[in-house]
Structure formats: structure tokens, C-alpha cells
Amino acid sequence: MERHDGRTPNELRPCEMQVGFVSTADGSCLIRCGGTRVICTASIDESVPPFLRGKGMGWVTAEYAMLPASTGRRKARDGVKKDGRSVEISRLIGRALRQAVDRRFLGERTITIDCDVLEADGGTRTASITGGFVALCMAVNKLMQQGKLKESPIIHQIAAVSAGVVDDTPCLDLCYVEDSAAQTDMNFVMNEQGAFIELQGTGEGRAFSRGELNQLLALGEKGIEELHDIQREALGDAAHVIAPKRTLVIASNNPHKIREISQMLDDCLHVISMEEAGFFEEIDENGDTFEANAIIKAKAVAQATGFCAIGDDSGLTVDALNGEPGVLSARYCGVHGNDKANNDLLIEKLKDVPAEGRTAQFNCAMALVLPNGETHTVSGTCPGVITFTPRGNGGFGYDPYFEYLSGETFAEMDGAEKNLISHRAKALQAMLPYLEDLQ
């Protein structure tokens, strides 16, 4: 088949994106796809709609309009009653671009994407989504440069393209002449993972087959991949805002704890200590439970740094001592962090307790706090017994005296072995769904 403009069936129209086209906008992009040209601008408002106030979440919305001369024959401007097609496309653009953003990390602000069609030669809605994403990225980059955001809320790259069956041939990226005569017309909105955000398909002239649908899907995927490359090239250095590895601050400077948690997360997040995040304050752990202390630590660090933070409070509870040392585990002897003195006091208190009565548990409560205040808590326990004499040279704290069910003390285990069964490992395992939600 020979197409109207000489392209092959699987070829995009020439596409160009020019960022910063409107200097007064917070982000902007002029996108040209063949004969279609759309100005996409992003405007930041430091407020959210009433239904989101006080929820610590932002909002992304869009408006679409065709300028009067965009179609060659003057199109009347929208009045009080907006054109139904413009409203439908505005909602489509807003839905699509909200999928690009984890609004918990946007703060209570609204980004509005305005898409104004200068010239329409088919595919105006798909061009608006593709260019609108670039404008959105530029606005987020500005917020980060101003220090209003510590991390980018953009978690997916979004683009859109059309495809259709023209003269019984599946074709990519229809121009107006092809679109108006298409037997089947489809629009694809997809992310960088190849997942569909919106899929619109209509048999205009006739029904289409499953085989034709599969061909159109393949064309759509190919076109989206190429548009993603063009978006990144247009953004240049600002492309760093797209799906960066999120930072997680551990509310501790204990190198053992940092290393354990980093190893357990297998590098899926950028894990740093409080000091590395620039947090040097003393946190008053005045809670009367492990969970309360974990929340206190995580909340203090998240609020001060603007990053997600995990706080955990761990400790030993010994049945024969009615749960001691409990939340006082790190300062059982009255001095924080004196492992030898803590162990000496524990063994002294258990000196008359026989082996069968020395059951104990390591406990860990863990709290994840996001910059918007969203909080999740989990816990984990590890059973064992307290030995009469220390064994092993690894670990820290009570590890040399805590014998697991395997017959080894924590101090006799290597790090990998301990990370599989420890109280902290079990708490972190329970926390993983919330951490994976940040990626």
C-alpha cells in the first residue's frame, strides 16, 4: 500500500518536540507530528481541589482546545458551554498524565497541562498526551531546582500514538486524510513498561479481526517506543526526573543496621543513613512500645529531610524477666549503646534461671513514613533462648547470647544467614509491599 504521505505502514510521521517554547510557563513543549502542531504548557498552582485538601497529595489535570484556525476553516472558540469533544479529550489527557505521577510525592499542589492545537492534521489527542508529558517533566524539574521537591514524583514515561486499518492495511500514526477514511481507528496510551493506560478502538467502516488487532497492537508498541526516545532527547538533562531510584533514609546511623537493611532490599532503593541525608538531631525515643518508637524516628527524619524514612525499634524480651529489657534494650544498663554492660546485667538477672526457662524473643517494629505523612507499620519476631556464656564474634548487642532454634547464636551466623531469619528480616519482609509501591 502507498500511503498518502509516502510513509511505510509501520512508520511514524516526522516528530519534533521543542521544550521551553513558552518562557512564561512552568514547563512547555511545542510538539509537531507531521502536519499537526500542539503547544503544551504546564502551570503549577500551590493548592489542590477541595476533595484533596489536607490529604498530602497533589493533582494533575488537563485542558484541550483547538485554536480557531487550526483546521483551516475557522473553529468557534469554546464559550460557557464547552465543545463536547474538547471536554472528552481533556479528560483523556488528564487521566493519562496522572498515571505518570505518584501524587503522594507531588505535595499539595496542582499541575495543569494546557494543550492548544495550532494545526490539526490528525492525532491531536495523542500528540497532546505525548507533548503534555514533556511539559509535565519540565514543570517537575523546575520544582526540584527551586528546592520545593526533593525527589521527582514521575514514576512512568507516557506517550500516545494512533494506528488504524486503511484500505485493508494496518498503519501507524494516521494523518487526517487516512484517519477520515480509516476502516478501523485506534489510539494507544502506554508507559515505558509496555503497559496500556488507555486503548480506544473503533470499527469505523467495518468490523476488524483479531489478527488485525494484533497487528495494530504491535504497531502501537513500536510507535510508543520511538516516541519515548524522542521525548527523552527533547528533555535532555531534565529527563532525570523520569522514574528515578527513590531514596530511603534509615532512621539510624548504626552501620550494622544500615548494612543489614541495604542487603535485604537488594539495591532496589537508594538506602542512606540519617547523616548521609543531613539529619544530625537527637531523636527522643519516648514511646512505651517498639511501634511507637519506630514511628517517632521515621516521622522525625521524613519531615526534616523530605525523603521516605524507615524507623525501627528492636529489642529483646525475656519471658523469665516479664519482657525485659524490652524498649530499654539498647540502654538496659542505663547507658545507651554499652553492649557489654547490657549483656552483663542481663546474665546477672538470669543467673538463677535454668536453661528451660531462658526463652526469649527478638522483636522488631518498623515504620515507613512518606514525606506527605503517610505511615505504615509492621513487626517481626524471632524466637530463641539466652545462653549462659557468649558464643561467636559477629553481630552486635545481645547477639552472642541469643541462640536461635538452629542451635547457633546470632553472633555465630554470617550476615546472609542471619538476614534470612532475624526479627528485622521478618519485619522488612512484611514491609516489602509498601517499599515496592515506592519504586
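Some observations on this one:
- Helix axis angle, 210-235 relative to the chain longest principal axis, alpha carbon, degrees: 80 degrees
- Only Cα pairs under 8 Å and 6+ residues apart enter the sum, and on that basis the relative contact order of the range 290-352 stands at 21 percent.
- Exceedance of the 24 Å cut-off in Cα-Cα distance is limited, within the set K340/K426; K148/K245; K55/K257; K257/K299, to K340/K426; K55/K257.
- Simple label model, 7 Å out from Cα along Cβ direction - S43 to Q18, nm: 2.2 nm
- Positive-end extreme of charge dipole, the chain - chosen from I129, L346, G373 (charges on Cβ): I129
- When +1 charges are put on Lys and Arg Cβ atoms and -1 charges on Asp and Glu Cβ atoms, the dipole computed for the range 23-128 relative to its Cα centre reaches about 340 debye.
- Here the translational diffusion coefficient of the range 15-241 follows from Stokes-Einstein with Rh set to the Kirkwood radius across Cα pairs; for 37 °C and 0.692 mPa s it amounts to 184 µm²/s.
- Karplus 3J(HN,Hα) series, Hz, for the range 404-419 with 6.51 cos²θ - 1.76 cosθ + 1.60 (x for Gly, Pro): 7, 4, 6, x, 9, 7, 4, 6, 8, 8, 7, x, 5, 5, 5, 5
- All lysines inside 19 Å of K75 as judged from Cα atoms, apart from same-chain residues fewer than 8 positions distant: none
- Most positive-pole-ward Cα, F188, T61, I272, against dipole of the chain from beta carbon charges: T61
- Subtracting the Cα-Cα distance of D288 and R74 from their residue separation scaled by 0.36 nm leaves 69.9 nm.
- Helix axis angle, 290-305 relative to the chain longest principal axis, alpha carbon, degrees: 50 degrees
- Dipole magnitude (debye, nearest 20) for the chain, charges at Cβ of Lys, Arg, Asp, Glu: 1260 debye
- Contact order for the chain, expressed relative to its length and based on alpha carbon pairs under 8 Å spaced 6+ residues apart, stands at 11 percent.
- Inter-centroid distance (Cα atoms) of the range 1-79 relative to the range 122-157, Å: 12 Å
- Rounded FRET efficiency, nearest 0.05, which uses the C-beta distance separating Q99 from E2 and R0 of 41 Å: 0.65
- Sum of side-chain charges, R358 neighbourhood, beta-carbon under 10 Å (Lys, Arg +1; Asp, Glu -1): -3
- Once the chain from K82 to T381 is taken as fully extended at 0.36 nm per residue, the excess over their C-alpha distance is 101.7 nm.
- FRET efficiency, K150 to L199 (Cβ-Cβ, R0 35 Å, nearest 0.05): 0.50
- Amide H partners (placed H, <5 Å) of E63, local residues excluded: I113, D114, C115
- Translational diffusion coefficient (Stokes-Einstein; Kirkwood radius from C-alpha pairs) of the chain at 4 °C, 1.567 mPa s, in µm²/s: 51 µm²/s
- Descending semi-axes in Å of the range 247-436, equivalent ellipsoid built from Cα gyration tensor: 29, 17, 14
- Across the range 191-198, coupling constants 3J(HN,Hα) worked out from phi with the 6.51/-1.76/1.60 Karplus curve, θ = phi - 60°, read 9, 5, 8, x, 8, 8, 9, 8 Hz, and Gly and Pro carry x.
- Evaluating 6.51 cos²θ - 1.76 cosθ + 1.60 at θ = phi - 60° for every residue in the range 330-343, the Karplus couplings come out as 6, 10, 4, 7, x, 10, 6, x, 8, 4, 4, 5, 4, 5 Hz, glycine and proline recorded as x.
- Panel order for S152, S162, by other beta carbons found within 10 Å of each beta carbon, from fewest to most: S152, S162.
- Packing rank of 348-359, 105-116, 139-150, where each peptide gets the mean count of other beta carbons within 10 Å, highest leading: 105-116, 139-150, 348-359
- In degrees, nearest ten, helix 423-436 long axis to first principal axis of the chain (Cα): 10 degrees
- Label separation (H336 vs N214): 6.5 nm, computed from points 7 Å beyond Cα along the C-beta direction.
- From helices alone, the chain scores -9500 deg cm²/dmol at 222 nm; the rule is -39500 (n - 2.57) for each run of n ≥ 4 DSSP H residues, then divide by the residue total.
Throughout, read-outs are computed from the coordinates displayed, never taken from laboratory work. Note that the structure is predicted; figures quoted are calculated from it, not measured. Methodologically, a virtual Cβ is constructed for each residue, glycine included, from the backbone with ideal geometry; neighbour enumeration extends over all protein chains shown.
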